[in-house]
Amino acid sequence: MNLTVIGISHKTAPIHLREKLSFPLGEIEEILKNEKEVSPRELAILSTCNRTEIYSYASHAEMWAEQFLANHFGEKDLAPFLYIKREKEAVEHLFKVASGLDSLVLGETEILKQVKDAYTSAHKVGSTGKLFNVLFQRALYVGKFIRTYTSIGEGPLSVGGVAVCLAEKIFGDLHHSTVLIFGAGKMASVSSKYLLSKKVKRLYVANRTLETAQLLAKELNACALTLEEGINLLSQVDIVLSSVSGTQYLLTKERIQKLMGDRHNRSLFIIDISVPRSMDPAAHGVDNVYLYNIDDLEGIVQENSNRRSQELSKANKIAEEKSDEFFSWVQSLKEGEEKSLKHSTGISK
């Protein structure tokens, strides 16, 4: 019996292939049920936007998994895009995946829940046994352990994420904040979704073309405005995200100063991701105005990225040590002389 993982990820396959080889979460349980009679002794499927992986424990796990993917998706010649990891290497891979060390965004946390969901689905339909029950619980423990004892997940790695963090530092909880977005292009859409994830009180989208504003507003469950309507609303908002092009500043320092008088100097946070800039940079000197342009935000993103990279070797070392320890237990299980895993893992055999 061998433990094997076979799969594709953002490191090995283009997006058009990853899209084809993706299992909807709601269908995984049914697929596992159907495979129980012919599948390996233990089986789990991890499928996210950046990876599809088949974890199996059987006598011919590798051959079965590759054939299963080809048959299920009707795709031939998958071999050049697949990676195969066996035994201890498979354990170490899962531990690194759960820790965000194999993610597109280093240290991201969403993968931990996705690993948990993959295990829960497999366990629910009875396609896990003693080995997988301990393996996946252990992977979740290692993922949390690495995030606790390293800084691998600290600091957002996107302009939108940084903007939200800065806004939270100024306003605290954003649930009571009103946000106005100038522009309705891709950058505005991506950044505004980070703000939306914080469940802000109210969201407005203002654009030169009202119809375009309405399209983005519908996606964000926001209110669409013309550009002039948005400018007239400035005294009522807390956060402004600007992504509009033009040869002149949308808001000058003088206009912002007058605006702050109308606001009774209530704090105003402005994120200007326009290129060229749409907000007068001199406005940063106005009391209670917090103005950041795209260079400011990208500088913070790079800083966070460098910090995470410095923690990578430490995180990898922990994952390797934990996989050594776990695979020693696997070997003892196969030999019928089961060792104990450290009690600190919180895992019962």
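The values are calculated or read from the model by the stated rules, or taken from the named source; none is laboratory data. Keep in mind the model is a prediction, meaning the values are calculated, not measured. Quick reminder, even Gly has a Cβ in these numbers, built from the backbone with ideal geometry, and neighbours come from all protein chains shown.
Listed values, structure above:
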| item | result |
| --- | --- |
| Hits in segment 1-34 (condition: among the charged types (D, E, K, R) and either assigned to a helix (DSSP H, G or I) or surrounded by 14 or more Cβ atoms within 10 Å (Cβ to Cβ) (or both)) | ARG18, GLU19, LYS20, GLU27, GLU29, GLU30, LYS33 |
| Test: residue in segment 322-335 that is polar (S, T, N, Q) and surrounded by 15 or more Cβ atoms within 10 Å (Cβ to Cβ) | yes |
| Residue within segment 112-127 that is surrounded by fewer than 20 Cβ atoms within 10 Å (Cβ to Cβ), assigned to a loop (DSSP other than H, G, I, E, B) and among the acidic types (Asp, Glu) present | no |
| Residues (touching a helix residue (DSSP H, G or I) at 6+ places or on another chain (Cβ under 7 Å), of a type in the set (A, V, I, L, M, F, W, C) and within 27 Å of GLU30 (Cα to Cα)) located in segment 90-130 | VAL91, LEU94, PHE95, VAL97, ALA98, ILE111, LEU112, VAL115, ALA122, VAL125 |
| Inter-residue pairs, beta-carbon under 8 Å, first on the phi > 0 side of the Ramachandran plot and in segment 259-281, second of a type in the set (D, E, K, R) and assigned to a loop (DSSP other than H, G, I, E, B), 6+ apart | ASN265/ASP287 |
| Residue satisfying condition, being in contact with a Leu (Cβ under 7 Å, 6 or more places away or on another chain) and surrounded by fewer than 21 Cβ atoms within 10 Å (Cβ to Cβ), within set LYS198, LYS253, LYS186, LYS218 | LYS198 |
| Matching residues, segment 269-291, being outside any loop (DSSP other than H, G, I, E, B) and in contact with an Asp or Glu (Cβ under 7 Å, 6 or more places away or on another chain) | PHE269, MET279, LEU291 |
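Table: residues versus (1) small (Gly, Ala, Ser); (2) at pLDDT 95 or above; (3) closer than 15 Å to ALA139 by Cα; (4) in the same structural domain as ARG138 (by TED's automatic domain parsing).
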| residue | (1), (2), (3), (4) |
| --- | --- |
| GLY285 | yes, no, no, no |
| LEU291 | no, no, no, no |
| ARG307 | no, no, no, no |
| GLU311 | no, no, no, no |
| GLU320 | no, yes, yes, no |
| PHE327 | no, no, yes, no |
| GLN331 | no, no, no, no |
